[in-house]
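Below is one structure, written out as structure tokens; the observations come after it.
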Amino acid sequence: MALEDVLEAVPELQGERDVEPLAGGLTNTNYRVTTPRGRYVVRIAGKDTGLLAIDRVNEAHNTIAAAETGVGAPVVAALPELDALVLEFLDGEVMDAEKLRRGDRLEAIASACRKLHAGRRFLHDFDMFEIQRGYAQVVQARGFRLPDRYLEFEPRVRELEQAMRERSEPTVPCNNDLLAENFIEVDGAMRLIDYEYSGNNEPSFELGNVWSESNLSLEQLEELVTHYYGRPLRNKVARARLWGLMSKYGWTLWGSIQDGVSELDFDCWSWAMEKYDRAVAEFDGPEFERLLADVQRSD
């Protein structure tokens, strides 16, 4: 059993211990291990996650780099031969979308992102346009389900890509998967976990991903952008919003692939459709063209 192999391979986990599963992992299995020496998290990679563009060597490297900034959890052991990571357990309050939508933690989120983004560069880059294209190839090659009208939006996505490439931001180390549950509040500061999709990326993607994943209001997105950049910037709000749209469109196919391969008791298709429906509303909405223009602004 992979878990037993990990437990026996790491000195901190050996001897007297209590092991319990942790909920929430969709592309890995997590356990909390309590020993007289402390509490730890064991993360074991799930099945066929390579189809989702997850690189476990990249994940381990970036998890260690994130820990160096004080934002990520300290790393106890990286075990690539067992597809596992062992981390110190962060004892704090796990966020959820409802908590983030209250709006009182936006400054702390921006602060955590800035701290992570100031760290040493990650191993690989992350490009949502490339990720989405790769997912589309997998979905079509394997005959997985494709949402109605999905390919109809490809011309708009190419417009979006061209607009974003023309005035790109310098890239920084990003988590790229900022669902609310990946934030843990410890002693009043936000910590960030789960670096499966991490890579060097535009900081505005990170902010747009927070907005999208927790379905924050547009006013909250503007506040988050203001906290991050230190002042309200119309082009950065537009950029973050469009990255949020692109993440919804791209992660939709993540759900399609997981629907086809995952053995977890989780409705990946419904998860994907919730994101896709919100993406469609933005593609069909009246502000798409204005947002494309706004990203070209200097303020």
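Return the only residue of A293, A279, A240 being at pLDDT 95 or above and surrounded by fewer than 17 Cβ atoms within 10 Å (Cβ to Cβ).
A293
Take the stretch 43-87 and flag every residue that is modelled with pLDDT under 95, under 27 Å from F129 (Cβ atoms) and not in a helix (DSSP H, G or I).
Residues satisfying the conditions are A45, G46, K47, D48, A53, I54, D55.
Of all residues in the stretch 118-152 being buried (at least 17 other Cβ atoms within 10 Å of the Cβ) and aromatic (F, W, Y), which is nearest to S298 (Cα to Cα)?
F126
From R165, R191, which residue is in contact (Cβ under 8 Å) with a residue 40 or more places away in the chain, of a type in the set (K, R) and either in the same structural domain as S247 (by TED's automatic domain parsing) or crowded, with 19+ Cβ neighbours inside 10 Å (or both)?
From the options R165, R191, the qualifying one is R191.
V94 - would you say it is buried (at least 19 other Cβ atoms within 10 Å of the Cβ), aliphatic (A, V, I, L, M) and closer than 27 Å to D267 by Cβ? Spell out how you get there, then give the answer.
On the way: buried (at least 19 other Cβ atoms within 10 Å of the Cβ): no; aliphatic (A, V, I, L, M): yes; closer than 27 Å to D267 by Cβ: yes.
Answer is no for this residue.
Taking the stretch 172-223, which residues are among the charged types (D, E, K, R) and assigned to a helix (DSSP H, G or I)?
E181, E206, E213, E219, E222, E223
Hey, R297 hits all of (1) touching an Asp or Glu at 6+ places or on another chain (Cβ under 8 Å); (2) assigned to a loop (DSSP other than H, G, I, E, B) but one; which does it fall short on?
Against the list (1) touching an Asp or Glu at 6+ places or on another chain (Cβ under 8 Å); (2) assigned to a loop (DSSP other than H, G, I, E, B), R297 comes up short only on (1).
The values are calculated or read from the model by the stated rules, or taken from the named source; none is laboratory data. Owing to the predicted nature of the structure, the values given are computational and were not obtained by experimental measurement. Heads up, the Cβs are rebuilt from the backbone with ideal geometry, glycines too, and the neighbour counts pull from every protein chain shown.
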